[in-house]
Amino acid sequence: MSLFPSGTATPASIVEAQQAVLGNPPKARASFAKGRCVRGTYIPSDRADEVTKSRSFTTPSRVLARFSVDGGPRGSETRDLTLRGFSFRLGDDEHRSDILTQSAPVHYARTLDQMLAFLTSRMPGRDGRPDLEKIKAFSTANPETLRQANYIATHPPPPSFAGTTYWAVHAFPATNSKGETQFIKFKVVPVGSELAAIGRKARTISADVLHDDLKARIATRDIRFSLMALLGRPDDPTQDVTIRWPDEDSREAVRLGTIVITAIEANETCDTSGFDPANLAEGIGYPPDEIFAARRAAYADSLAQRR
């Protein structure tokens, strides 16, 4: 029997379900629990204001960021491959934007009810393991929830956070310096031929090794990413985060700026403040999809539980 009645999903119940899937670790994040806090700088490009007037994207600033691995069990769909996260904060106290990205371009659920049902089907049983038959039955009835897992399985992540490409799966309304508004998607792309080579040598690797690799790289050089805005079209889907935009990989994109990671930061710094998707400086609006609306509330609830 499901832990939660059908049709009663709330942000709080999502956080509760995520923690149950993880085994209810005390004061742990509901998702992407294994992470490393870092800091650096943001350098805007001279084209940023063509996309958004948001000062958090058009003005140089310090960066607080967190690389992470989603350790929650997902059944057998991706074997031992895992999703990675990169959350970052641009701007200052008056013009702050927190952007949450991941190493797959789609989410695993379209609605809040579907997300709760997805998690509930993966609850561990008495033996501490999820029921694979229950997962299979849910996936058969909800094939769109396999799109993220299928992407990860066919695009194994590289052996470094520094060589990974990240996406914000939501469509954000962006208003530029001329007052024109269009939907965009954020994409974070590693800079440098060495990192491109890393991406071609994909293999499974543990969270601890990823964290050690990150620390070693930062000790010898900075790590750079291009922050890209994929430009939307009038007929693009903006409310279903389980599907990509048509021709998304080849469509027009504008480089908003460069994120430069220069140092390891104490994890407590990221744990204390958290990255709140509701923090978006004027010029970047809230995505219209149901998952983003729930995420805004769920992150606040999860942060409160960890304190």
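The values are calculated or read from the model by the stated rules, or taken from the named source; none is laboratory data. Please read all numbers here as calculations on a predicted model, not as lab measurements. For neighbour counting, all protein chains shown are included, and Cβ atoms are generated from backbone atoms with ideal geometry for every residue, glycine included. Remember, those area values only see protein heavy atoms, side chains included, never the ligands or the DNA or RNA. Shrake-Rupley method; radii C 1.70, N 1.55, O 1.52, S 1.80 Å.
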Flag for SER56 being among the small types (Gly, Ala, Ser), at pLDDT 95 or above and part of a strand (DSSP E or B): no
ALA117 within 30 Å of THR41 (Cβ to Cβ) and part of a helix (DSSP H, G or I): no
Any chance ASP271 is open to solvent by less than 20 Å² (accessible area, probe 1.4 Å) and either touching a strand residue (DSSP E or B) at 6+ places or on another chain (Cβ under 8 Å) or charged (D, E, K, R) (or both): no
Of the criteria (1) open to solvent by 40 Å² or more (accessible area, probe 1.4 Å); (2) touching a residue at least 60 places away in the same chain (Cβ under 8 Å); (3) not in a loop (DSSP other than H, G, I, E, B), which one ASP276 fails: (3)
Matching residues, the range 83-111, being open to solvent by 20 Å² or more (accessible area, probe 1.4 Å) and part of a loop (DSSP other than H, G, I, E, B): ASP92, ASP93, GLU94, HIS95, ARG110, THR111
Index of the failed condition, ARG255 passing every other in (1) within 16 Å of the chain's Cα centre (by Cα); (2) open to solvent by 60 Å² or more (accessible area, probe 1.4 Å); (3) basic (Lys, Arg): (1)
THR140 vs. criteria free of Cβ contacts under 8 Å to residues at least 40 places away in the same chain, hydroxyl-bearing (Ser, Thr, Tyr) and surrounded by fewer than 18 Cβ atoms within 10 Å (Cβ to Cβ): yes
Given (1) surrounded by fewer than 18 Cβ atoms within 10 Å (Cβ to Cβ); (2) within 13 Å of VAL63 (Cβ to Cβ), index of the condition ARG224 fails: (1)
Count of the range 244-282 residues which are within 17 Å of ARG62 (Cβ to Cβ), touching a Phe, Trp or Tyr at 6+ places or on another chain (Cβ under 9 Å) and either polar (S, T, N, Q) or at pLDDT 95 or above (or both): 7
Any hit, the range 236-244, residues being open to solvent by 60 Å² or more (accessible area, probe 1.4 Å), over 18 Å from the mean Cα position of the chain (by Cα) and on the phi < 0 side of the Ramachandran plot: no
Any chance ALA149 is out of contact with any Ser or Thr (no Cβ under 7 Å at 6 or more places or on another chain) and among the small types (Gly, Ala, Ser): no
Meets criteria (modelled with pLDDT under 95, among the basic types (Lys, Arg) and more than 16 Å from the chain's Cα centre (by Cα)) for ARG122: yes
Residue under evaluation ILE43, criteria (1) modelled with pLDDT of 95 or more; (2) closer than 26 Å to LYS215 by Cα; (3) open to solvent by less than 70 Å² (accessible area, probe 1.4 Å), criterion not met: (3)
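Residue-wise test of (1) at pLDDT 95 or above; (2) surrounded by fewer than 21 Cβ atoms within 10 Å (Cβ to Cβ); (3) within 29 Å of ARG36 (Cβ to Cβ).
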| residue | (1), (2), (3) |
| --- | --- |
| ASP113 | no, yes, no |
| PRO156 | no, yes, yes |
| ALA162 | yes, no, yes |
| GLY179 | yes, yes, no |
Failed item in (1) touching an Asp or Glu at 6+ places or on another chain (Cβ under 6 Å); (2) closer than 18 Å to ILE243 by Cβ, with LEU146 passing the rest: (1)
Cross-chain or 6+ apart pairs with Cβ under 6 Å, the range 151-173 first and farther than 25 Å from ILE291 by Cα, then of a type in the set (Val, Ile, Thr) and part of a loop (DSSP other than H, G, I, E, B): PRO158/THR164; PRO159/ILE205
Residue list for the range 279-296, filter: part of a loop (DSSP other than H, G, I, E, B), over 16 Å from the mean Cα position of the chain (by Cα) and under 19 Å from LEU64 (Cβ atoms): ALA281
